[in-house]
1. Applying the selection to region 120-160, what residues are among the aromatic types (Phe, Trp, Tyr), surrounded by fewer than 20 Cβ atoms within 10 Å (Cβ to Cβ) and over 18 Å from residue 203 (Cα atoms)?
2. Could you check, for region 83-101, whether at least one of its residues is part of a helix (DSSP H, G or I) and either of a type in the set (Phe, Trp, Tyr) or over 34 Å from the mean Cα position of the chain (by Cα) (or both)?
3. Determine which single condition residue 107 fails, assuming it passes every other condition in (1) under 38 Å from the mean Cα position of the chain (by Cα); (2) open to solvent by 60 Å² or more (accessible area, probe 1.4 Å); (3) more than 30 Å from residue 160 (Cα to Cα); (4) not small (Gly, Ala, Ser).
4. Does any residue of region 21-38 turn out to be more than 40 Å from the chain's Cα centre (by Cα) and open to solvent by less than 50 Å² (accessible area, probe 1.4 Å)?
5. Picking from 49, 20, which residue would you name as being among the hydrophobic types (A, V, I, L, M, F, W, C), modelled with pLDDT under 85 and within 30 Å of residue 89 (Cβ to Cβ)?
6. Being on the phi > 0 side of the Ramachandran plot and of a type in the set (Gly, Ala, Ser): is that true of residue 233 here?
7. Which of (1) under 33 Å from the mean Cα position of the chain (by Cα); (2) more than 28 Å from residue 142 (Cβ to Cβ) is the odd one out, the single condition residue 260 does not satisfy?
8. Give region 225-255 a look and list any residue that's open to solvent by 80 Å² or more (accessible area, probe 1.4 Å) and either in contact (Cβ under 8 Å) with a residue 60 or more places away in the chain or farther than 19 Å from residue 164 by Cα (or both), or say none.
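The values are calculated or read from the model by the stated rules, or taken from the named source; none is laboratory data. Keep in mind the model is a prediction, meaning the values are calculated, not measured. Cβ placement follows ideal geometry from the backbone for every residue including glycine, while neighbour counts extend to all protein chains displayed. Just the protein is used for accessible areas: all its heavy atoms, side chains included, with ligands, DNA and RNA removed. Shrake-Rupley method; radii C 1.70, N 1.55, O 1.52, S 1.80 Å.
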Amino acid sequence: MLAMPRALVIAMLWGLTHLADMPLTLASAVIASDALVLIWQITRYHHSADAHIRDTGAMVASWGGYFACFLALLASATLWWDLVLIATRPPVEETFDQQMRREREQLYVLEVASDGIELRFEGEITYGLKARLTGLLVAHPNLRRMSLTSPGGHVFEARGTAQVISAAGLDTYVEGDCTSACTLLFAAGQRRSLAPDARLGFHGYGFATVVHLPGYDIEAAQDKDRAFFLSHGIAPMFVARMYDTPAQDMWFPDLSVLRAAGWLRD
């Protein structure tokens, strides 16, 4: 009568030991409750066994039951200890790569709108953006447009992200300011449009001096991106002057200039 309920309880405890995390208060409550139930079960068995011995004089079966109670107590105590270990073990420490990824992801927002069609990007372009965008496109195949608000960031990551946007055939839309490397993302759009107060900002590259890369060929890097803009329909005259503004300044062309240069594809 008591074997089956105890077996079910032990199975439940065994299942709880496979949880990744458990509050100590919950573990304590489970252990205390089960201890009371087990004491009640053993006490009840003891009364039944004692009555059986008095009535029949047979002790073998009763002592076998006591041995089963001992095994149930041992199994339960082992599982209780496992629950305590789960509830008190220290949190798993982040690896260096996980920490860096988390810190980079805090620099921007990349989220799918409720309609499942638009993807919103706001913040700094940094390492890992291309990979996250690729993953979201796989998980949400109905995405059609990417809205942008960004001061720019890593040109190398922007190039890769722009290639993903272009390959996916996404439209691009600027809600606020899209400056520096962000313009690579915008140019990659199949259709490109701006909000009424949105702006595109351009300036020359300056990261070689900022991060002390004196051997880096800035002109070659700018020429590489000029070729990308030309391949996406931006007028050669605009491309020729887009990096003339010093790195510490920003050129915000008028809407008429942008439209004439082929930036807008409404």
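1. 127
2. Yes, that holds for at least one residue.
3. (3)
4. Yes: region 21-38 contains one or more residues that are more than 40 Å from the chain's Cα centre (by Cα) and open to solvent by less than 50 Å² (accessible area, probe 1.4 Å).
5. Just one listed residue meets the conditions, 20.
6. yes
7. In the conditions (1) under 33 Å from the mean Cα position of the chain (by Cα); (2) more than 28 Å from residue 142 (Cβ to Cβ), residue 260 misses (1) alone.
8. Selection gives 236, 237, 241, 244, 248, 254, 255.
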